[in-house]
Amino acid sequence: MNAPSPAETGYNFAYLDEQTKRMIRRAILKAIAIPGYQVPFASREMPMPYGWGTGGVQVTAAVIGPDDVLKVIDQGSDDTTNAVSIRKFFAKTAGVATTTRTAEATVIQTRHRIPETPLSEGQILVYQVPIPEPLRFLEPRETETRKLHALADYGLMHVKLYEDIARHGHIATTYDYPVEVAGRYVMNPSPTPKFDNPKMHRSPALQLFGAGREKRIYAVPPYTDVVSLDFEDHPFEVQRFEKPCALCAATGVYLDEVVLDDRGGRMFVCSDSDYCASRRDAGHRGEMAGDALPAGQS
Amino acid sequence: MLDVASTGFADPVLDAQAQFRALADALARPGSLRAFTPRLTPPVGFPAALASIALTVADHETAIWLDPAFAADPGIAVWLAFHSGARTTSDPSEAAFAFVADIRAMPPLAAFGLGDEAYPDRSTTLVIAVESLAEEGALVLSGPGIETDRRLGVTPWPEGFSAQFAANRALFPRGVDLILAAQGVIAALPRTTRIREA
Ligand SMILES: [Zn+2]
């Protein structure tokens, strides 16, 4: 253990004071015991703007220890300003090791993706959540949404999805697609693409969700049913991509569009940059991965 | 009065973190055994695992209920107040955490805080000292956190306790959660767990 002392950093370990951590830890324990239920907590100011995932950062700060290995992703990438800042924040305040490799991480904080590499039992996935309440846009009053959750009355949610079908011929929601957890609570998975929803179902990892501005923590324990809401005649489906990743030739993964020039040239590449780089390191080559684009330089 | 030989955590920050992770892991994987080796010296008569859990999760914002055996030793409440700031309550339904020396003599689970439908998190977590926990035992557990099913042995496991726990399960999302602690090891039974006796 090489945890920095407060005297060295000017902060407590992992920034938060012990009383705040205890309060967050109590909320996490309740969240685990009541899968999908949003536990209120007294969110603290963090030295970063709300849009940067202060809820996720507080959850990570409450769980992380000196022996953890932390990975932080933003839209699948380890290299955005947001991901780099959060990684540095914990390297500095908690002295933890960091990694970009999914398989090496014990704690993964994420904004808007679930890694393509399957998670394992020793891992905790911490989601940054902007809007935790799946019923918020249907019913703005907190007292009412709480009542609807208490009654497990999710009719509004189904009406909304069915209106999608009436208007578009299919369910148009592609991000933050609502799920039912352990047969009881309907939950927002955070703005991940619905492509990632099946990865939440019976994952061996513990999944924790932190919403800073909205002051909510919720959880999905390992091996817990997570079912995307759908209808018999309109079953839930994930996005499909016509071509494999242009760099690593992976199929069955979530791809981002990359514009190549102003003449309409574009390619589709893995949104999970670590997954893509690992495949290229292993010798996989997509149609745009000539010698000009070796692994690690995408 | 405060037992002069007693101490709190050797390292309040890192010990609390390590103990919390063991607790979270235990609740996330019901019935799995977690090594639990607290680094503190509680008053004689208050098991170190229970003392350690108290310092990890309790403070002036949480009320603690002590069962009659623990309440009989005023040194325990004094130690808890001194090291955690938590006050004790005589009403089990008011307690955020309940510490139980004897599972055979405790009030029914329904006497503790069960939360309400809108706020099921406002419930009691029971921390119960038991003689032993074993991976191969008479209880067959299933539910969230368990891949298929998991065996657990708890000694003692009073007659009728499985039925009481099933009644607690039926209240979901209301209900209490249990943390069982033996020498050097803990296991948890959250309200989601189904228990069958093999
Ligand atoms: Zn790729």
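The values are calculated or read from the model by the stated rules, or taken from the named source; none is laboratory data. Please read all numbers here as calculations on a predicted model, not as lab measurements. Here the Cβ is made from the backbone with ideal geometry for all residues, glycine too, and neighbour counts use every protein chain on show. What goes into the accessible areas is simple: the full protein's heavy atoms, side chains included, and nothing from ligands, DNA or RNA. Shrake-Rupley method; radii C 1.70, N 1.55, O 1.52, S 1.80 Å.
Tell me, what % of the accessible area of chain B is carbon and sulfur with a 1.4 angstrom probe?
Carbon plus sulfur share of accessible area: 53 percent.
So, with a 1.4 angstrom probe, what is the percent of accessible area on the stretch A:46-167 that is carbon and sulfur?
Ligands and nucleic acids excluded, carbon and sulfur give 57 percent.
Which residue, A:GLY283, A:GLY212, A:GLY252, tops the fluctuation ranking in a GNM of chain A built on C-alpha contacts under 10 Å?
A:GLY283
With r defined as the distance between the Cβ atoms of B:ARG196 and B:SER93 and R0 fixed at 25 Å, what FRET efficiency is calculated, to the nearest 0.05?
The formula returns an efficiency of 0.30 here.
Please compute the average number of Cβ atoms from other chains found within 10 Å of each residue's Cβ in peptide B:168-177.
Average per residue, whole number: 3.
With unit charges on the beta carbon (Lys/Arg positive, Asp/Glu negative), name the residue among B:VAL4, B:ALA111, B:THR155 whose Cα is farthest towards the positive pole of the charge dipole of chain B.
B:THR155
Return the average number of partner chain Cβ atoms within 10 angstrom of each residue Cβ along peptide B:11-23.
5
Can you tell me what share of the DSSP beta bridges in the stretch B:12-197 is antiparallel? A percent to the nearest 5 is fine.
55
Nearest 5 is fine: what % of DSSP beta bridges in the protein assembly as shown come out antiparallel, could you say?
If I count the DSSP bridges inside the protein assembly as shown, around 55 percent turn out antiparallel.
Order of B:168-179, B:153-164 by packing, highest average Cβ count within 10 Å first?
B:168-179, B:153-164
Within a 10 angstrom radius of each residue's Cβ in B:140-146, how many Cβ atoms of other chains show up on average? Whole number is fine.
5
At a 10 angstrom cut-off on C-beta neighbours, averaged per residue, how do the peptides A:185-196, A:222-233 rank from highest to lowest?
Result, highest mean Cβ count within 10 Å first: A:185-196, A:222-233.
Which residue, B:THR56, B:THR89, B:THR148, tops the fluctuation ranking in a GNM of chain B built on C-alpha contacts under 10 Å?
Maximum among the listed residues: B:THR148.
Given the rule -39500 (n - 2.57) for each run of at least 4 DSSP H residues, summed and divided by the residues of the protein assembly as shown, what is its mean residue ellipticity at 222 nm, to the nearest 500 deg cm²/dmol?
For the protein assembly as shown, the value works out to -8000 deg cm²/dmol.
I'd like the distance separating the alpha-carbon centroids of the stretch A:201-247 and the stretch B:99-168, in whole Å.
Comparing the Cα centres of the stretch A:201-247 and the stretch B:99-168, I get a distance of 30 Å.
Could you tell me the center-to-center distance, by alpha carbons, between the stretch A:97-157 and the stretch B:48-91 in angstrom?
Between the Cα centre of the stretch A:97-157 and that of the stretch B:48-91, the gap is 34 Å.
Could you give each residue of the stretch A:234-246 its phi-based ³J(HN,Hα) in whole Hz, using Karplus coefficients 6.51, -1.76, 1.60 with θ = phi - 60°, and x for Gly or Pro?
Taking θ as phi minus 60°, the curve returns 9, x, 4, 9, 8, 4, 10, 10, 5, 10, x, 4, 5 Hz for the stretch A:234-246.
Taking the Cα centre of the stretch B:12-197 as the origin, how large is its charge dipole in debye, to the nearest 20, when only Lys and Arg (+1) and Asp and Glu (-1) carry charge on their Cβ atoms?
Charge dipole of the stretch B:12-197: 300 debye, to the nearest 20.
Going by average Cβ density within 10 Å per residue, which order do the peptides B:44-55, B:106-117 take, highest to lowest?
Result, highest mean first: B:44-55, B:106-117.
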